[in-house]
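Colleague: The structure follows.
The values are calculated or read from the model by the stated rules, or taken from the named source; none is laboratory data. Predicted model, so just to flag it, every value in this text is computed and none were measured. Cβ atoms come from the backbone with ideal geometry, glycine included; neighbour counts cover every protein chain shown. For accessibility, only protein heavy atoms count, side chains too; no ligands or nucleic acids. Shrake-Rupley method; radii C 1.70, N 1.55, O 1.52, S 1.80 Å.
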Amino acid sequence: MINLIYGGKGSGKTTAIIAGANQNVANAKGFHIYIDKNNARMHDLEHQVKLVDASEYAIDDQTKFIAFVKGMVAVNYDIEKIYIDNLEKITGLAIADTEGLYQGLERISKQSGVEFVTTVAAEKQELPDFLKKYIIYVILTIAVVA
């Protein structure tokens, strides 16, 4: 299963995915992994959530990312959820070019039972159709008019 959190830049997606990770790990039976483009969120996550800084592993495209995730799942059957923030920035892909990536994550999920939660910096009308089936959470951008 893949769950998608989307919203415009600066709308609170990272805050939402971190809050979800911190809340869900309290009742976790397995490991929870948080993959990000750097380690800036280290102090925001509960200590039970394992932060993985993708920049340390030269993950810069779709193939490497899928292989990296498969490797994590292969060596640890107790992974329950993997949270991925800024997937496009980690892989260097435009949102429209991530269909194969999401298909790969979906295959991993079906084979292993690992649930994925990802964020996408886009409004609903900007989302490609293939991503819409994963939507679970919408971050609304509120404009303040002075």
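Colleague: Taking residue 108 and the conditions (1) open to solvent by 20 Å² or more (accessible area, probe 1.4 Å); (2) assigned to a helix (DSSP H, G or I); (3) not small (Gly, Ala, Ser), which numbered condition does it fall short on, given that it satisfies the others?
Modeller: Unmet condition: (1).
Colleague: Additional query: Is it the case that residue 33 is without any contact (Cβ under 8 Å) to a residue 60 or more places away in the chain, under 14 Å from the mean Cα position of the chain (by Cα) and under 24 Å from residue 129 (Cα atoms)?
Modeller: no
Colleague: Collect the residues in the range 83-105 that are part of a loop (DSSP other than H, G, I, E, B) and either touching a Pro at 6+ places or on another chain (Cβ under 9 Å) or at pLDDT 95 or above (or both), keeping them in residue-number order.
Modeller: 98
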